[in-house]
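Values in this text are rule-based calculations from the coordinates and carry no lab data. None of the values given here were measured: they were computed from a predicted structure. Cβ placement follows ideal geometry from the backbone for every residue including glycine, while neighbour counts extend to all protein chains displayed.
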There are 2 protein chains.
Amino acid sequence: MRTIKSPHERKKEFLETARKFFFTKGYEQTSVDEIIKAVGLSKGSFYYYFKSKEDLLDELTKELSLKILTKIEEIVDRDDLDAISKLNKSFSEAAAIKFENIQLIKTLLKVLCDESNVYFRYKIYQKNTDIVAPEFYKIVQQGIKEETFNTPYPLESSRMIFELASNLTEKVSKLILEINENPENYKKLEREYQNYQLSIERILGAPEGSIDFFTDNLLNKFVRKIMSVEEL
Amino acid sequence: MRTIKSPHERKKEFLETARKFFFTKGYEQTSVDEIIKAVGLSKGSFYYYFKSKEDLLDELTKELSLKILTKIEEIVDRDDLDAISKLNKSFSEAAAIKFENIQLIKTLLKVLCDESNVYFRYKIYQKNTDIVAPEFYKIVQQGIKEETFNTPYPLESSRMIFELASNLTEKVSKLILEINENPENYKKLEREYQNYQLSIERILGAPEGSIDFFTDNLLNKFVRKIMSVEEL
């Protein structure tokens, strides 16, 4: 007798199979047909849940964003942390989650670097800004109350910090993916991260040296982990 | 006898006709066929110079960018100005040039706001950053020498200032185009500009209040001029 799967199970199966293919063969090298065949369900069933291959990657990205958002919300809601600790912790915990999902990150870096995916990148950045910037806004407001942050534009600068993070991701993606051929990229990467940290510290008017979430060591570990993930 | 036009004249004629149509009928409402018909040259002749309608807008934008770049180069090359004056002057002169080309600006704002043009926007921003950021880098280096700017990352922050300007353009475009229906957008616009000024001042480590190129009055004039350009 044929096992009837729930809609939720079916959708999940497509996603898990896509994840496996994207991470082993690479996103560009995977076709929707392959995924459908491997799952063993019909084409109609696939298109009931997803519009395209991009849609699959979008869902996987959403899962990751949701994990990060949940973690940041947890941090923001704590009442034993000051604003500076919350900001640093949000960044370092987000980095840790990316670390755990390094294969998805590498797949995303490749896709986001590709100029033909500019629209996809735009949508991802915008969605992330819309969901996470309000949490940052709460931290910034707390910091102003605590008098450790000093900006007349808390709302605007909360979004700005996020936009700068998106710009950073774009630059960093290119640098990381070509790091084997250009070892000097490591130095450039380090400078981009340090400039980012210093800039958000200054934009928020935070004390010098207070924003520090990406120590050299963590950056080094991150880059090495990215590079050690089997070549796609 | 038929007048033989030089290739340069032909290209220019297509561009001038496109400009006229874009500014009177609107970009979206203009077709390539209309432009070809109005110029009275062949389709083949059009496609010899341009790939698409977008290409025409791209050329018109390039003309504007070149005017701005030339003006900024002039300012950067002067030896009677300090770095702070050069930075303020570059921004205010760029604003003045945009002012003189308000119809193109309005056409661009509309196109750049449209999500289907994300790739076009991306290309424009990237090209502008690539050509103008090096000039800003020279100003930043001068400011560091003069000890009015203070950043360990002059190269990275010169690009960052530019990326923030692109982000600002995007936000401002939406706010301006909907200002008639949402008069409160004017206040938002003002805050975005002020936050931008303050942020670049802080990123560069410049003295408080030294970066000030977009006084309230100029912003007001700019918005009113945009709004007074006949509705497209």
What do you get for Rg/Rh over the protein assembly as shown if you use C-alpha atoms and the Kirkwood form of Rh?
-> 1.00
DSSP loop GluC sites (Glu not before Pro) with at most 10 other Cβ within 10 Å: longest gap in chain A | A:1-146
Hey, what did the stretch B:119-177 get for relative contact order, percent, Cα under 8 Å, at least 6 apart?
-> 34 percent
Select from A:Gln141, B:Leu204, A:Thr70 the residue farthest towards the positive end of the dipole of the protein assembly as shown; place +1 on Cβ of Lys and Arg, -1 on Cβ of Asp and Glu, and compute about the Cα centre.
-> A:Thr70
Packing-based exposure ordering (other Cβ within 10 Å, fewest first) of B:Val172, A:Val140, B:Val39 | B:Val39, B:Val172, A:Val140
Evaluate the relative contact order of chain A (contact order divided by residue number), counting alpha-carbon pairs under 8 angstrom at least 6 apart; express in whole percent.
-> 20 percent
Helix-only [θ] at 222 nm, chain A, -39500 (n - 2.57) per DSSP H run of 4+, per residue, nearest 500, equals -25000 deg cm²/dmol
Can you find, among A:Leu56, A:Pro7, A:Phe21, the residue farthest towards the positive end of the dipole of the stretch A:1-72? Put +1 on the C-beta of Lys and Arg, -1 on that of Asp and Glu.
-> A:Pro7
Could you give the size of the charge dipole of the stretch B:112-225 about its Cα centre, using +1 on the Cβ of each K and R and -1 on the Cβ of each D and E, expressed in debye and rounded to the nearest 20?
-> 240 debye
Measure up B:Lys37/B:Lys225; B:Lys89/B:Lys188; A:Lys11/A:Lys37; B:Lys174/B:Lys225 against 22 Å on the Cα-Cα distance and list the ones that go over.
-> B:Lys37/B:Lys225; B:Lys89/B:Lys188
Can you give the charge dipole size of the protein assembly as shown about its Cα centre, rounded to the nearest 20 debye, using +1 on the beta carbon of Lys and Arg and -1 on the beta carbon of Asp and Glu?
-> 1760 debye
Cβ neighbours within 10 Å from other chains - mean over B:151-157 = 5
For chain B the translational diffusion coefficient, Stokes-Einstein from a Kirkwood Rh over Cα pairs at 20 °C and viscosity 1.002 mPa s, in µm²/s, is roughly 111 µm²/s
Roughly how many debye, to the nearest 20, is the charge dipole of chain B about its Cα centre, given +1 on each Lys and Arg Cβ, -1 on each Asp and Glu Cβ, and no other charges?
-> 940 debye
